[in-house]
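Peer 1: First, the structure itself, so that you have it in front of you.
The values are calculated or read from the model by the stated rules, or taken from the named source; none is laboratory data. Everything numeric here is computed off the predicted structure, so don't read it as measured data. Positions of Cβ are generated from backbone atoms using ideal geometry, with glycine treated the same way; all protein chains shown enter the neighbour counts.
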């Protein structure tokens, strides 16, 4: 947590931002954004928003307007946080490598309709990556089929500002999904009963230096391949959202990711049951410090010792 003291870019705070959104933790989100701004890391807030929007709640691209005004950015984070998440685009994006490498096999878990649907989505996607002509054609087709100007604008902004392959993939797949489905799910706001107590240790994950070291150390103790442990930690814990709309494509992505590293989903869950207590224990000091910083302004919050 160097950031809170030394005003350096902090990988834990950056990780916590998306975890707070994923798990609908408004107080944590507000304080995390406050800390990032104090640390002069508002550019990260601005640039990360399109990724979080399409990865965690792509359907809100039909109602949220992306721009670089920091007040609007903060309000948009809050809106995503307080809405049900929708991981369909994230699931399909995670299946992309499997599809294009022909490793998506039609077996008992996939109907012919599933295979046809996902093949159509990715056939339209391939030329759009890095290609303005194909992307603009996708936008044209989506517009002809009734896509709103706001949705199209947000897809364009998200693609333009993408730094990583999957960042660019999210809005492209979102366009293809709209073309195939002809609609976008409506926004659903969370209720008080939907919010669970936040496990702060999950913010110190494989995307942070300390988290990667801790997960690797725990894996070595259990004689588990560290790279596989890092994958399990994300797909069975770090990437989870509460609450979220059901997406069979995200479920399929989790199953395929585990299969790609040699585990059934049940085997992965058993491994995580062994790994997670070790990781949580090792990160106890850091996670309690993080919790105290994030929740100190919340009246009546119960800090467990």
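Peer 1: With the checklist (1) more than 27 Å from residue 147 (Cβ to Cβ); (2) touching a helix residue (DSSP H, G or I) at 6+ places or on another chain (Cβ under 8 Å) in hand, flag the one item residue 40 doesn't pass.
Peer 2: If we test residue 40 against (1) more than 27 Å from residue 147 (Cβ to Cβ); (2) touching a helix residue (DSSP H, G or I) at 6+ places or on another chain (Cβ under 8 Å), just (2) comes out false.
Peer 1: Then there's this: Return a yes/no flag: does segment 205-215 have any residue that is in contact (Cβ under 8 Å) with a residue 24 or more places away in the chain, more than 30 Å from residue 27 (Cα to Cα) and either more than 18 Å from the chain's Cα centre (by Cα) or assigned to a loop (DSSP other than H, G, I, E, B) (or both).
Peer 2: Checked against the condition, which is being in contact (Cβ under 8 Å) with a residue 24 or more places away in the chain, more than 30 Å from residue 27 (Cα to Cα) and either more than 18 Å from the chain's Cα centre (by Cα) or assigned to a loop (DSSP other than H, G, I, E, B) (or both), segment 205-215 yields no hits at all.
Peer 1: Sticking with this one: Which one of these is surrounded by 17 or more Cβ atoms within 10 Å (Cβ to Cβ) and out of contact with any strand residue (DSSP E or B) (no Cβ under 9 Å at 6 or more places or on another chain): 208, 264?
Peer 2: Exactly one of 208, 264 is surrounded by 17 or more Cβ atoms within 10 Å (Cβ to Cβ) and out of contact with any strand residue (DSSP E or B) (no Cβ under 9 Å at 6 or more places or on another chain), namely 208.
Peer 1: How about segment 284-305: which of its residues are without any contact (Cβ under 8 Å) to a residue 60 or more places away in the chain and assigned to a helix (DSSP H, G or I)?
Peer 2: Passing the criteria: 285, 292.
Peer 1: Using the structure shown, decide if residue 164 is over 17 Å from residue 57 (Cα atoms) and exposed (fewer than 12 other Cβ atoms within 10 Å of the Cβ).
Peer 2: yes
Here's the yes/no breakdown for (1) within 29 Å of residue 193 (Cα to Cα); (2) assigned by TED's automatic domain parsing to the domain that holds residue 11; (3) touching a residue at least 40 places away in the same chain (Cβ under 8 Å):
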{"site": "26", "(1), (2), (3)": "yes, yes, yes"}
{"site": "30", "(1), (2), (3)": "yes, yes, yes"}
{"site": "34", "(1), (2), (3)": "yes, yes, no"}
{"site": "44", "(1), (2), (3)": "no, yes, no"}
{"site": "47", "(1), (2), (3)": "no, yes, yes"}
{"site": "55", "(1), (2), (3)": "yes, yes, yes"}
{"site": "61", "(1), (2), (3)": "yes, yes, yes"}
{"site": "76", "(1), (2), (3)": "yes, yes, no"}
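Peer 1: Follow-up. Just checking, does segment 236-252 include any residue being within 22 Å of the chain's Cα centre (by Cα), more than 19 Å from residue 96 (Cα to Cα), without any contact (Cβ under 8 Å) to a residue 24 or more places away in the chain and surrounded by fewer than 20 Cβ atoms within 10 Å (Cβ to Cβ)?
Peer 2: Looking for residues that are within 22 Å of the chain's Cα centre (by Cα), more than 19 Å from residue 96 (Cα to Cα), without any contact (Cβ under 8 Å) to a residue 24 or more places away in the chain and surrounded by fewer than 20 Cβ atoms within 10 Å (Cβ to Cβ), one finds at least one in segment 236-252, hence yes.
Peer 1: Inside segment 277-305, can you point out the residues that are modelled with pLDDT of 95 or more and farther than 13 Å from residue 200 by Cα?
Peer 2: 277, 278 - these are the residues of segment 277-305 that are modelled with pLDDT of 95 or more and farther than 13 Å from residue 200 by Cα.
Each row is one residue, and each column tells you yes or no for (1) modelled with pLDDT of 95 or more; (2) crowded, with 18+ Cβ neighbours inside 10 Å; (3) not in a helix (DSSP H, G or I).
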| position | (1), (2), (3) |
| --- | --- |
| 12 | yes, yes, no |
| 17 | yes, yes, no |
| 47 | yes, no, no |
| 52 | yes, yes, no |
| 93 | no, yes, no |
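Peer 1: Looking at (1) buried (at least 16 other Cβ atoms within 10 Å of the Cβ); (2) part of a helix (DSSP H, G or I), which is the only condition residue 198 fails?
Peer 2: (2)
Peer 1: Working only within segment 223-259, note down all residues that are part of a helix (DSSP H, G or I) and over 27 Å from residue 53 (Cβ atoms).
Peer 2: 226, 227, 228, 229, 259
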